[in-house]
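For reference, the structure is listed below as structure tokens.
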């Protein structure tokens with residue numbers, strides 16, 4: 001019998017083309033800490049997270065002390081990708097995820113050159 005659930009969480013997000021994989025966590029429930037490897041000075045760190053379950057998770061990146069929440073959908077997968085180009089992201093570290101037991105989540109940590117931000121008054 002075929003699985004008809006099109007939007008269920010099956011695997012971690014894929015890194016952007018050209019980015020190097022620094023860490024990955026397969027589908028998990030509850031809290032976990034995911035180590036990531038050291039990178040080159042000047043590279044940005046990108047955290048891509050997917051989750052499913054009617055709750056919110058919090059993602060904290062150590063040692064750079066940045067964090068962000070993600071509201072997870074009950075019937076569909078919610079995803080976010082955040083890039084950090086701050087001092088210290090070239091070092092190895094840990095991505096800590098705080099998640100209720102009812103939430104399934106996965107994440108990918110990658111490294112690449114920082115994305116150029118557009119000026120606020122572009123155009």
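The set of residues in the range 18-76 being assigned to a loop (DSSP other than H, G, I, E, B) and either in contact with a helix residue (DSSP H, G or I) (Cβ under 6 Å, 6 or more places away or on another chain) or more than 17 Å from residue 92 (Cβ to Cβ) (or both) consists of 18, 30, 31, 53, 54, 55, 72, 74, 75, 76. For residue 85, the conditions (1) over 12 Å from residue 34 (Cβ atoms); (2) modelled with pLDDT of 95 or more all hold with the exception of (2). The combined condition, being crowded, with 16+ Cβ neighbours inside 10 Å and under 27 Å from residue 113 (Cβ atoms), is fulfilled by residue 13. Look at residue 29 and say whether it is at pLDDT 95 or above, under 23 Å from residue 100 (Cα atoms), surrounded by 12 or more Cβ atoms within 10 Å (Cβ to Cβ) and over 12 Å from the mean Cα position of the chain (by Cα). Taking the combined requirement at face value, the residue satisfies it.
The residue pairs whose first member lies in the range 1-19 and is within 29 Å of residue 44 (Cα to Cα), whose second member is at pLDDT 90 or above and surrounded by fewer than 13 Cβ atoms within 10 Å (Cβ to Cβ), and whose beta carbons are closer than 8 Å, counting only pairs six or more residues apart or on different chains, are 11/26; 12/26.
The values are calculated or read from the model by the stated rules, or taken from the named source; none is laboratory data. Please read these numbers as outputs of a predicted model, since none were measured by experiment. We place every Cβ from the backbone using ideal geometry, glycine too, and count neighbours over all the protein chains shown.
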